[in-house]
Amino acid sequence: FDKINPGIPVKIVNTINNSSINIIEITTNTEIVSTSIGLEKLNSNPLAATPEGIVYKYLTVTHSIAESKFTKVKFNFSITKQWITENNIDSSKIYLQRYELDRWKKYSSLATAENSTHLTYIAEVPGLSNFAISGDQAQQSSTSNISQETECTSGNRCYESQIQSCTNNKWLVDK
């Protein structure tokens, strides 16, 4: 960039295939002159610390802007539905993790679009660095209405926020 004006968001449209990043939007608090920003998809975690959850992609963003100059940085990124399904990921628990202060810090994302193959998210972070796009696995749902403690003789109970009735000596969720 020749110049980034303070308070005016600058959108960087990604042209690197298979990086998952669509757009990086940065806003600075001061004028930045003659700077460059680079994005690289990494095949593995470049750091000793391990991010939480299941990692979809690792990325690094190189730049020459001092951390204190960023007002906000927004990432628009996409994840394949296939990865979400194969890894039993809760699509509402997708994160952009940023490596800062010698650890990975999770930043929440918001789903903004969906097509037949991808979900698109936006996440806001305080600066540029190494990143991991990750997700938390979906809670295991019971395929049966029977609780862990299955034997009973009679009555009702509350178990894991569900009302259950004793039917045929088994605890069943009331519907």
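Annotations
- Within the stretch 100-140, the only residue that satisfies the criterion of being farther than 16 Å from ILE54 by Cα and among the aromatic types (Phe, Trp, Tyr) is TYR121.
- Total residues in the stretch 130-144, condition crowded, with 18+ Cβ neighbours inside 10 Å and either outside any strand (DSSP E or B) or of a type in the set (Val, Ile, Thr) (or both): 1
- Residues of the stretch 47-70 that are under 21 Å from ASP136 (Cα atoms) and open to solvent by 70 Å² or more (accessible area, probe 1.4 Å): ALA48, THR50, GLU52.
- Any hit, the stretch 1-20, residues being under 17 Å from the mean Cα position of the chain (by Cα) and of a type in the set (A, V, I, L, M): no
- Residues of the stretch 10-40 that turn out to be within 12 Å of LYS72 (Cβ to Cβ) and in contact (Cβ under 8 Å) with a residue 40 or more places away in the chain, as a count: 6
- Scanning the stretch 71-93 for residues that are modelled with pLDDT under 95 and surrounded by 19 or more Cβ atoms within 10 Å (Cβ to Cβ) yields a total of 0.
- Of all residues in the stretch 9-46, those satisfying the criterion of being under 26 Å from ASP90 (Cβ atoms), of a type in the set (A, V, I, L, M, F, W, C) and surrounded by fewer than 17 Cβ atoms within 10 Å (Cβ to Cβ) are ILE23, LEU42.
The values are calculated or read from the model by the stated rules, or taken from the named source; none is laboratory data. No experiment lies behind these values; they were computed from the predicted model shown. Cβ sites come from the backbone with ideal geometry, for glycine too, and all protein chains shown count toward neighbours. These area figures cover heavy atoms from the full protein model, side chains too; ligands, DNA and RNA do not enter into them. Shrake-Rupley method; radii C 1.70, N 1.55, O 1.52, S 1.80 Å.
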